[in-house]
Amino acid sequence: MNRVVEERTKRTEWYRDARFGMFIHWGLYAIPARGEWVRSVEEIPKEEYDPLIREFSVENYDPKIWAKLAKEAGMKYAVLTAKHHDGFCLFDTQLTDFKSTNAPCHRDLVREFLDAFRAEGIRVGLYYSVIDWRHPDFPHYGDRNHPMRNRPEYSNENRNFDRYLDYMFGQIRELLTNYGKLDLMWFDFSYDNMKSETWKADKLIEMVRSIQPHLIIDNRLEGSGEDSGSILTRNPTPWSGDFASPEQMIPPAGIRDEDGNPVPWESCITLNNHWGYAAHDHHYKSAKMVIHMLVECVSKGGNLLLNVGPNAKGEIPEESVQILKEVGTWMKKNSRSIYHCGYAGLPKPEWGRYTRNGNLLYAHVMEEQAGAICLENMAGKIEKMRLVSDNSEIKESFFWNLKEYGQHAFFFFDPNASDCYPLPDELDTVVEITLKEDADGQ
Ligand code: GLC
């Protein structure tokens, strides 16, 4: 295993156990309330967008409420946007006046976020956009995404990209130096020639590792949601990241490198269809969908980073709150089938998914069955079974109609029933199966 992979594996141990995190996209774009790309999509000039800072009062911002909600939902880490592509800084940077401490709230929103989530025992990360549509030295005309990309009058003469990199490095140094121990930095994102060497990523990762060596970072100094970069190869670059970051999807079979070694990863997914607050987007996923996404990620050896987009008052939308509370109720009963769990090394069963932690196999039953639940090819491998929600015994069944399927093991939730309908928990009923020591060898 090469050194980059070895160090990555060590650094990400807590992360691979945590499995479930909160992503928070928040900034001035919560005022237009049409998502965090509004400046680019609607090609809004700086002169029109900048005055929004004068309205950013965040009068109801209380990150302690956010942190308690994350904890209730069973989330073990949280990542807040310190600066998104629009260049607005939620922290008291000395390198620009386009920051929250100059807004009517006069607050360092990042510092308050870090304090509140640490107080709840939740690990903390910051998202930092290496793209900056507001900085005068960042490419404008002809760039793929810049709000002024179609305006020749914003040509790129006289832009000094090295001066932009000094700004970017300076802000990242501020975040790593002035805000205590961070657990994670989420850089976003690379595209076309705007990657790796363009960001001086070799120097940047040296700086990051020298200031906070334990910190884990994502793969977007060279990748994005559509290109994982060299983290998938046998020779990952020093800035390839500690985890891959598939976006708005769950990889079909998890993520492994070209030698088949598992690569740490998280699917980052929104609750509705926007990262930043979108007032008219009420297309929210159900708690059941979130639980199934979380189980799917863990069953494939990955994490779920689930996004909330607070509004301009600093409130997480009520729909998101209700979903996270319902997820939390399920997590309270079943979280040992999520934390410290991963790929089970078994084919996906018809009725749901498996997660595994050593010799503890978790059957996540998500679909009712006409007869018994079938544990394929598990005959003779099971020491005992328990319903995770109440630790009650689940007995292996040898019902008369199962006799000719002897290579499998079966169970009913209700020993007096002849079907598995309805499920004890229609969101996902979890059974803990303690495997016999030699189960894998059989
Ligand atoms: C994409 C979007 C960005 C968002 C990120 C989250 O890069 O462009 O707005 O912050 O995904 O993964």
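The values are calculated or read from the model by the stated rules, or taken from the named source; none is laboratory data. Since the structure is predicted, the reported quantities are computational estimates derived from the model, not experimental observations. Here Cβ is always computed from backbone atoms with ideal geometry, including for glycine, and neighbour counts include all displayed protein chains. In case anyone asks, the SASA skips ligands and DNA or RNA and just uses the protein heavy atoms, side chains included. Shrake-Rupley method; radii C 1.70, N 1.55, O 1.52, S 1.80 Å.
Details
- Residue identified as within 16 Å of the ligand (Cβ to nearest atom) and open to solvent by less than 10 Å² (accessible area, probe 1.4 Å) among LEU215, LEU165, LEU175, LEU184: LEU184
- Exactly one residue out of GLY254, GLY229, GLY260 is closer than 29 Å to LYS348 by Cβ and either in contact with a Ser or Thr (Cβ under 7 Å, 6 or more places away or on another chain) or within 13 Å of the ligand (Cβ to nearest atom) (or both), and it is GLY229.
- Filter result (part of a loop (DSSP other than H, G, I, E, B) and of a type in the set (Val, Ile, Thr)) within the stretch 213-234: THR233
- For the stretch 310-349, the set of residues classified as open to solvent by less than 20 Å² (accessible area, probe 1.4 Å) and closer than 23 Å to PHE243 by Cα consists of SER337, ILE338, CYS341, GLY342, ALA344, listed by residue number.
- Evaluation of GLY301 against (1) in a loop (DSSP other than H, G, I, E, B); (2) away from the ligand (no atom under 16 Å from the Cβ); (3) over 20 Å from ASP218 (Cβ atoms) (one fails), failing number: (3)
- Members of the stretch 237-256 that are open to solvent by 10 Å² or more (accessible area, probe 1.4 Å) and in contact (Cβ under 8 Å) with a residue 60 or more places away in the chain: THR237, PRO238, GLY254
- Considering residues of the stretch 189-212 that are away from the ligand (no atom under 16 Å from the Cβ) and assigned to a loop (DSSP other than H, G, I, E, B) only, the residue farthest from TYR77 (Cα to Cα): ASN193
- Residues that are in contact with a helix residue (DSSP H, G or I) (Cβ under 6 Å, 6 or more places away or on another chain) and closer than 22 Å to SER335 by Cα, drawn from the stretch 368-418: VAL388, SER389
- Taking the conditions (1) under 20 Å from LEU306 (Cβ atoms); (2) within 16 Å of the ligand (Cβ to nearest atom); (3) in contact with a Gly (Cβ under 7 Å, 6 or more places away or on another chain) in turn, TYR127 satisfies each one other than (3).
- Qualifying residue in the stretch 86-96 (condition: of a type in the set (A, V, I, L, M, F, W, C), within 16 Å of the ligand (Cβ to nearest atom), without any contact (Cβ under 8 Å) to a residue 60 or more places away in the chain and not in a helix (DSSP H, G or I)): no
- LYS313 charged (D, E, K, R) and in contact with a helix residue (DSSP H, G or I) (Cβ under 8 Å, 6 or more places away or on another chain): no
- Residues in the stretch 33-60 that are among the basic types (Lys, Arg) and more than 25 Å from THR270 (Cα to Cα) were compared, and the one that is farthest from the ligand (Cβ to nearest atom) is ARG54.
- Looking across ASN416, ASN401, ASN391, one residue alone is surrounded by fewer than 21 Cβ atoms within 10 Å (Cβ to Cβ) and touching a Gly at 6+ places or on another chain (Cβ under 9 Å). It is ASN401.
- Criterion: closer than 25 Å to GLY342 by Cα and either in a loop (DSSP other than H, G, I, E, B) or of a type in the set (Gly, Ala, Ser) (or both) - qualifying residue of SER418, SER389: SER389
- Entry remark, the stretch 265-284: residues being more than 16 Å from the ligand (Cβ to nearest atom) and touching a residue at least 12 places away in the same chain (Cβ under 8 Å) number 4 in total.
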